[in-house]
Amino acid sequence: MVRAVLFDLDRTLLDFDRAQRGALRQALLGLGLPYSPRVLARYRAINDALWAAYRRGEIAQAALEVERFRRLLVALETRESRAARLSRDFLACLSARGDRLPGCRRALAKLRTRFRLGVVTNGIDRVQHARLRAARLRPFFEVVVTSEGCGYAKPDPRILHAALDTLEVEAHEAVYVGDDVAVDGAAARSAGMPFVWVDRGDPLPGGHRRPRRRVGHLDELARHFAL
């Protein structure tokens with residue numbers, strides 16, 4: 001019997017791509033630096049590579065926050081010394097973004113009538129909590145666990161165990177919902193939890209199969225759980 005449903009945050013409940021794009025544009029222009037789709041693409045490539053290194057334990061999160069902007073400023077051929085300032089401005093802008101994905105609140109409202117809900121996310125603790133408040137989603141969740149807050153990052157299953165321990169729920173009594181088969185799916189599998197994939201039509205990483213449990217839209221979650 002399922003007692004709890006845990007959610008990934010970015011690209012599962014919140015529109016991270018839109019929030020990231022808006023925050024980067026605001027932070028760069030605020031410092032008189034150029035913004036364009038090409039700059040966004042360069043930043044995303046740098047950022048994705050560093051977050052992958054973080055999940056492998058190769059870089060600390062605090063170092064990542066600044067290093068991604070140092071590398072971007074090098075690519076823009078401007079002063080690296082502004083990386084720390086740019087990082088602070090970007091995180092402040094991102095923290096104010098509450099961009100929800102379609103059907104998010106409706107799905108959570110239905111699920112809350114039957115299950116205990118939580119969030120488990122790789123991310124900066126203060127930023128993720130602020131974005132949940134900005135999106136007006138925080139009251140739906142009994143627990144919010146971030147990689148920075150607990151010290152473990154998905155796909156390490158211990159980040160999911162931290163949420164389960166707080167809820168006093170066993171792994172087989174919970175389900176994890178996420179958009180990333182390679183990270184979210186692997187974490188759930190290692191934790192002994194069923195995984196529900198939010199399939200947004202993106203190509204699967206090499207070597208990964210389409211999960212058996214999947215939904216194409218958040219509104220389908222209620223039907224998945226027979227609500």
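When restricted to residues that are surrounded by 11 or more Cβ atoms within 10 Å (Cβ to Cβ) and outside any helix (DSSP H, G or I), the range 206-227 contains 11. Residues that are surrounded by fewer than 19 Cβ atoms within 10 Å (Cβ to Cβ) and in contact with a Ser or Thr (Cβ under 9 Å, 6 or more places away or on another chain) within the range 103-132 comprise D125, R126, H129, listed in sequence order.
Residue-level check: of (1) under 26 Å from M1 (Cβ atoms); (2) basic (K, R); (3) outside any helix (DSSP H, G or I); (4) at pLDDT 95 or above, R136 misses just (1).
Got a sec? Which of L33, L24 is touching a Ser or Thr at 6+ places or on another chain (Cβ under 9 Å) and more than 30 Å from V215 (Cα to Cα)? Give the steps one after another, and end with the answer.
Numbers: L24 fails: touching a Ser or Thr at 6+ places or on another chain (Cβ under 9 Å).
Testing whether each residue is touching a Ser or Thr at 6+ places or on another chain (Cβ under 9 Å) and more than 30 Å from V215 (Cα to Cα) leaves just L33.
Of the candidates V144, V120, V175, the single residue that is in contact with a Gly (Cβ under 9 Å, 6 or more places away or on another chain), part of a strand (DSSP E or B) and in contact (Cβ under 8 Å) with a residue 40 or more places away in the chain is V120.
Of the residues making up the range 30-47, none is without any contact (Cβ under 8 Å) to a residue 60 or more places away in the chain, touching a Pro at 6+ places or on another chain (Cβ under 9 Å), of a type outside the set (S, T, N, Q) and farther than 29 Å from L137 by Cβ. Can you pull out the residues in the range 81-102 that are surrounded by 14 or more Cβ atoms within 10 Å (Cβ to Cβ) and either modelled with pLDDT under 95 or not in a helix (DSSP H, G or I) (or both)? Answer for the range 81-102, where residues must be surrounded by 14 or more Cβ atoms within 10 Å (Cβ to Cβ) and either modelled with pLDDT under 95 or not in a helix (DSSP H, G or I) (or both): A96, R97, G98, D99, R100, L101.
All of A45, A109, A130, A49 fail the test of being modelled with pLDDT of 95 or more, assigned to a helix (DSSP H, G or I), more than 16 Å from the chain's Cα centre (by Cα) and under 18 Å from F16 (Cα atoms), apart from A45. Taking the stated definitions as given, is D219 in contact (Cβ under 8 Å) with a residue 40 or more places away in the chain and not aromatic (F, W, Y)? Here the answer is yes, as D219 does meet what is asked.
The values are calculated or read from the model by the stated rules, or taken from the named source; none is laboratory data. In this text, all values refer to a predicted model and were calculated from it rather than measured experimentally. Because the Cβ atoms are built from the backbone with ideal geometry, glycine has one as well, and the counts that use them run over all protein chains shown.
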